Amino acid sequence: MRGSLKLFEDIITPQHQPVAVMTVSKQGRSAELHTLRNECLLDRYFYYINFTDKRYTAVLEILSREFFIAQFTIQERIDENYHKLLALKQQNPQKAYFQKKWSHLVW
C-alpha cells in the first residue's frame, strides 16, 4: 500500500534512522480478494433470503452496509454468479454451513 511503510516506520523507529524503500510489484485490485468477497457476498445473500424474513430490497441494503459497495454492484455480482447461487440452492446448506465457512461473521 502506498505510504504504509512510512506510516509504520515514522511511528516505530526514531526519525534519525533511514527508512528503507519498499517496492511494490503490482498495484491495483486483487482478483483473489474480489473472488473471496464475491463468494462471501453470495453466501450472505443466500442466507438472508432463505433464513430470514427480510425483503429483497432490505437484503440489498444490509449487504451494501456490510460490504461497503453499492446496491447496484451487489445486483451485478448476483447476476454474474447466478449459477453459483443455483448450485448452493441444490446443496441445501443449513445455517451451520455458513457459520463454519465464515466463522468470523455473525450468522
Legend entry - Pick from segment 48-107, criterion within 18 Å of His34 (Cα to Cα) and among the acidic types (Asp, Glu), ranking: nearest to the chain's Cα centre (by Cα): Glu66
Inset, instruction - Write out, first by first residue and then by second, each pair whose Cβ atoms fall under 7 Å of each other, whose residues are 6+ apart or on separate chains, and whose first residue, in segment 95-107, is under 14 Å from Tyr48 (Cβ atoms) while the second is of a type in the set (A, V, I, L, M, F, W, C) and assigned to a loop (DSSP other than H, G, I, E, B). - result: Lys95/Trp107; Phe98/Trp107
Inset, instruction - May I ask you to list the residues in segment 42-72 that are surrounded by 11 or more Cβ atoms within 10 Å (Cβ to Cβ), of a type in the set (A, V, I, L, M, F, W, C) and more than 12 Å from Trp107 (Cβ to Cβ)? - result: Leu42, Ile49, Ala58, Val59, Leu60, Ile62, Leu63, Phe67, Ile69, Ala70
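Bear in mind these aren't lab numbers, they're just calculated from the coordinates by the rules spelled out. Computed from a predicted structure; not experimentally measured. Positions of Cβ are generated from backbone atoms using ideal geometry, with glycine treated the same way; all protein chains shown enter the neighbour counts.
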